[in-house]
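Enquirer: Below you will find the structure I want to go over with you.
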Amino acid sequence: MSVKVSPKYQVVIPEAVRKTLDLKPGTQVEVIAKGNIAYIVPVESIASLQAQMEGELDQASLRDKKDRVK
């Protein structure tokens, strides 16, 4: 898929790519350049990351201060 850069340096992300990356209007993305390649990476919000991690850590899995090496 190729797209053209506008005079304002904007590009339209093709629909297939938007669907694959689940991009919606207002989604924050990071643009990373490596060599001659530009990567578009969605940036997840803190709330989204917290929701994903919910239940992964519970109080039983956390060490007490007495268990820590000094």
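A short reminder: the numbers here are calculations on the coordinates, not readings from a lab. Everything quoted here is computed from the prediction, not taken from an experiment.
Enquirer: Considering the Cα positions of the range 7-59, please state its Rg to one decimal place and its Dmax as a whole number of Å.
Expert: So, for the range 7-59, Rg and Dmax equal 15.1, 54 Å respectively.
Enquirer: When the chain is fully extended, how far beyond the present Cα-Cα distance does residue 30 get from residue 46, taking 0.36 nm per residue of separation?
Expert: Values: separation 16, 0.36 × 16 = 5.76 nm, distance 1.51 nm.
The residue 30-residue 46 span can extend by a further 4.3 nm.
Enquirer: Residue 29's amide H: which non-local residues (gap 5+, or another chain) put their own amide H closer than 5 Å, with H modeled 1.01 Å from N in plane and none for Pro or chain starts?
Expert: Here the answer is 43, since their amide H atoms fall under 5 Å of that of residue 29.
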